[in-house]
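Remarks on the structure that follows.
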Amino acid sequence: MLKNYFRISLRNLKRNKGYTIINILGLSMGIAICLLIFLVISFESGFDQFHKNKDRIYRILTEYHHADSKEIFYGRAVPFAFPNAIRSSFKQVEKTAAIFSDNDVQMNIPDGNNNTSKKFKEEHGVFYVTPDFFKIFDFPLLSGSYASLADPGNALVTKSIAGKYFGDWKDAIGKTIRINNSYTVKVNGVLEDVPVNTGFPLKVVISYGTGFTNRFLHSTDFDGTSSASGCYVLLSPNASAAAFNNQLIAYSKKVKSPDNKDVQVAQPLKEVHFDTQAGDYSGKTISRKLINGLWMIGAFILLIACVNFINLSTAQAVNRAKEVGIRKVLGSNKWQLKLQFLSETFLIVLASVVISVVLAAFVLPYINGLLELTIGINQETGKSVLLFLIVISVSVTLLAGFYPSIVLSGFNPINALKSKLTAKASKGFTLRRGLVVFQFIIAQSLIIATLVIAKQMTFFTSQPLGFDKNAIVNIPVPGDSVSNTKLDYLKKQLKSISGVEMVSFNSNTPVEDNNDWWTNITYDHAVKQTDFYSIIKNADHEYVPSFRLPLIAGRNLNPSDTINEFLVNEMVLRNLGVKDSKMALNKEILLGGHARGPIVGVLKDFNTRSFRDDLAPLIIASSKRDYSQASIKLDSKDLKGSMGTIEKTWNEVFPDFVFEYKFMDEKIESFYKQENRLGHLYKLFAIIAIFLSCLGLYGLASFMAVQRIKEVGIRKVLGATGAHIVYLFSKEFVLLIAIAFAIATPLSWYFMLQWLQNYPFRIELSWWIFIIGGLASIIIALITVSFQAIKAAVANPVTSLRSE
């Protein structure tokens, strides 16, 4: 019997080719989008889930409590003394690993033949870890030993890095690497390349205590933190995570200084990738809100595709009325007819699934490029994808086919055979009209969301920052003591280049995205430190004029290699309760308990961080040993020529160091990668949703054209013009879209207002955004409906009234 059902279904699908193609196209696109979203979410949810003890691994976070704010902030920075303290003070902790990540690391590989070296620059992926790191996490070793990390001066490299540095990874053991021209490490092991879905993008792993991390190894500082310093623990199998967390908080309060209200807390490994506030070492965290939003969008787009199928199926119902009547007269019951129509639906869904896999494979490289992912359908993901497609196939078959099968199988055979089903058009707010309204609520909401995100992104890139960012290029400089002595010579050479206007050495540019050092201060010989933290930037005397930072009181820093005076911004004074900027001049600051000097100038507030964050207190001082980059102000007339000469000068002064640079405007644009990606995704979803909704409109228009064919014929006989008939068809659809607009507008306003609340600096939700979304939907809908409307308007009334 089933074989007979499918044979008849194939005949019916071939007979109605246009209907079949449109249905397959709509379902294919809907399923393809769901498949892509499934792949993205599966990838994101799999971060660091390959570790054997993943359920017992916890990250130690710092919970920041600011006296001037009731909000609590979390960061992955941990005081340097905590790893050793946890190791010795908590019995339920089986293993503890201290971690320090280093960025922009210069690697020199000695060449024994001619006393030269190959040079490389690793922007990310260099980690200093204690030996227990590899007892907590499972990163396979191809050769060598993890145990070598117990001694300073040893390192492990990944297979690809070993090949990059030494030609063949098998030749890496025993080779040496010069780090930042300061110290040398010996390669004692080669790791398998780490998976892409890990928060530890390991390239070079160095024993903790090597180089500058030696001063952290036996630290007793329970207050100072660095965003690069972290700690992970492995709890014993029967240990209570809640009890450990409570003990950790109590221990934090006991060992910290009385003024420090911050505490340490434990976070499960499974939550790390979804913590966008604290982040991780990969820089690829994603919020659970966004994951849930993707699921919802995928479900809605699939529902839109199913609605199209329902509308097109019911539109074809009248054409199949006689078939149903004959089948019932010959003895078919309702369940047999329902199975027949469900089998047709299943064949369409099956074809759609096959096409959707091809579409997804075609679009996946674009998604990977957009989101900077490496997702693929392979042996590892194949089983979950196959299961997902089976569930989708069954769900869509039932969801899209059930209602049409009820409609088609419910025809009265006598009326069907007498062609009395088309006598009267459906009136009132029918299910089909409701489904079209639902489609356009989703489509209009996505259009409005896309417009809001685009406007917010324009705001980010066009809003004045409070300083000059044009034609400024930043070049990382070596931090070793020998290179430090060459900085004055480098500045002199750079300033002699035609097109170079100013050169400033500094630790950070005026605006950074979570890459600043924070500290509290003691102001004007106070008995205790401030209860707020300030950003500290080290810069020379040319920093202020290079970026055109506005001074509102006092003067600029004098040339100096050591900290002996400070600039502060207005926010520092507001937090101190100083109302007159001039009153702060010459007042002494004690910075972090070791550097002191007077305030010599007050800067007007400018954005020191991305527009995701509010204004922050800022202190600028001179400390040559902390300079990490050169900021060069260029004449914009010949940037390419100037950069070529700058690179040549760099290679003469620092022949062993890689030359790299980034323009200031490019750096600022990179702060908003996530918002940009979100905007592109919503644009894609909006286009697909509106396209699928238009297929639904086409289905309803087809249904109306068939239902009202005799009505149109009578109207034309009585003198109705073609334009009147087109208006007759179009007005109902405009009404449906207007209803959808009335519902979508408050929904979009609410959700986008919630999204904008994440940004202290944000746009206002303008009324024209909603009007554009509504008008776009109406125009697209009218274009879609016009085909069926014009077709009905030009039809010969004699043909439609012949049976009367």
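The values are calculated or read from the model by the stated rules, or taken from the named source; none is laboratory data. Keep in mind it's a predicted model, so treat the numbers as computed, not measured. Note: ideal-geometry Cβ built from the backbone for every residue, glycine included; neighbour counts use all protein chains shown. Accessible surface areas use protein heavy atoms only, side chains included; no ligands, DNA or RNA. Shrake-Rupley method; radii C 1.70, N 1.55, O 1.52, S 1.80 Å.
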Exercise. For the stretch 641-684, what are the residues that are open to solvent by less than 30 Å² (accessible area, probe 1.4 Å), closer than 27 Å to residue 467 by Cβ and β-branched (Val, Ile, Thr)?
Worked result: 646, 649, 668
Problem set entry | Positions within the stretch 1-36 being crowded, with 23+ Cβ neighbours inside 10 Å and modelled with pLDDT under 55, in sequence order | none
Exercise. Residue 567 is checked against (1) surrounded by 22 or more Cβ atoms within 10 Å (Cβ to Cβ); (2) outside any strand (DSSP E or B) and fails just one. What number does that condition carry?
Worked result: (2)
Exercise. Out of (1) out of contact with any strand residue (DSSP E or B) (no Cβ under 8 Å at 6 or more places or on another chain); (2) over 26 Å from residue 160 (Cβ atoms); (3) at pLDDT 90 or above, what's the single condition that is false for residue 50?
Worked result: (2)
Exercise. Within the stretch 581-598, is even one residue among the acidic types (Asp, Glu), outside any loop (DSSP other than H, G, I, E, B) and in contact (Cβ under 8 Å) with a residue 12 or more places away in the chain?
Worked result: yes
Seminar exercise, completed: For the stretch 478-501, pairs from a residue that is among the basic types (Lys, Arg) to a residue that is assigned to a helix (DSSP H, G or I), with Cβ under 8 Å and 6 or more apart or across chains, are 486/653
Seminar exercise, completed: For the stretch 761-778 the number of residues that are farther than 14 Å from residue 740 by Cα, free of Cβ contacts under 8 Å to residues at least 40 places away in the same chain and part of a helix (DSSP H, G or I) is 2
Exercise. Within the stretch 143-154, can one find any residue that is open to solvent by 40 Å² or more (accessible area, probe 1.4 Å) and free of Cβ contacts under 8 Å to residues at least 40 places away in the same chain?
Worked result: yes
Exercise. Which pairs have Cβ atoms under 6 Å, sit 6 or more apart or on different chains, and link a residue in the stretch 624-652 that is farther than 21 Å from residue 665 by Cβ and in a helix (DSSP H, G or I) to one that is open to solvent by 60 Å² or more (accessible area, probe 1.4 Å) and among the acidic types (Asp, Glu)?
Worked result: 624/561
Exercise. Only one residue in 173, 249 is buried (at least 17 other Cβ atoms within 10 Å of the Cβ) and hydrophobic (A, V, I, L, M, F, W, C), so which one is that?
Worked result: 173
Exercise. Which of the residues spanning the stretch 222-248 are farther than 27 Å from residue 102 by Cβ and touching a residue at least 60 places away in the same chain (Cβ under 8 Å)?
Worked result: 235, 236, 237, 239, 240, 241, 243, 244, 247
Exercise. What are the residue pairs meeting all of these: first residue in the stretch 253-266, first residue more than 13 Å from residue 81 (Cβ to Cβ), second residue open to solvent by 30 Å² or more (accessible area, probe 1.4 Å) and polar (S, T, N, Q), Cβ atoms under 7 Å, and 6 or more apart or on different chains?
Worked result: 259/529; 265/245; 266/245
For this session: Being outside any strand (DSSP E or B), in contact with an Asp or Glu (Cβ under 7 Å, 6 or more places away or on another chain) and open to solvent by 30 Å² or more (accessible area, probe 1.4 Å) is the filter here, so list the residues in the stretch 606-623 that pass it.
Result: 615
Exercise. Within the stretch 495-521, can you find the residues that are more than 20 Å from residue 469 (Cβ to Cβ) and open to solvent by less than 20 Å² (accessible area, probe 1.4 Å)?
Worked result: 497, 521
For this session: Say whether the condition of being in contact with a Lys or Arg (Cβ under 7 Å, 6 or more places away or on another chain), open to solvent by less than 40 Å² (accessible area, probe 1.4 Å) and either at pLDDT below 95 or of a type outside the set (A, V, I, L, M, F, W, C) (or both) is met by at least one residue in the stretch 581-591.
Result: yes
Exercise. Just to be sure, is residue 572 closer than 19 Å to residue 523 by Cα, among the β-branched types (Val, Ile, Thr) and outside any loop (DSSP other than H, G, I, E, B)?
Worked result: yes
Exercise. When the residues of the stretch 228-246 are filtered to those that are assigned to a loop (DSSP other than H, G, I, E, B) and either more than 23 Å from residue 134 (Cβ to Cβ) or touching a strand residue (DSSP E or B) at 6+ places or on another chain (Cβ under 7 Å) (or both), which remaining residue is most open to solvent (accessible area, probe 1.4 Å)?
Worked result: 238
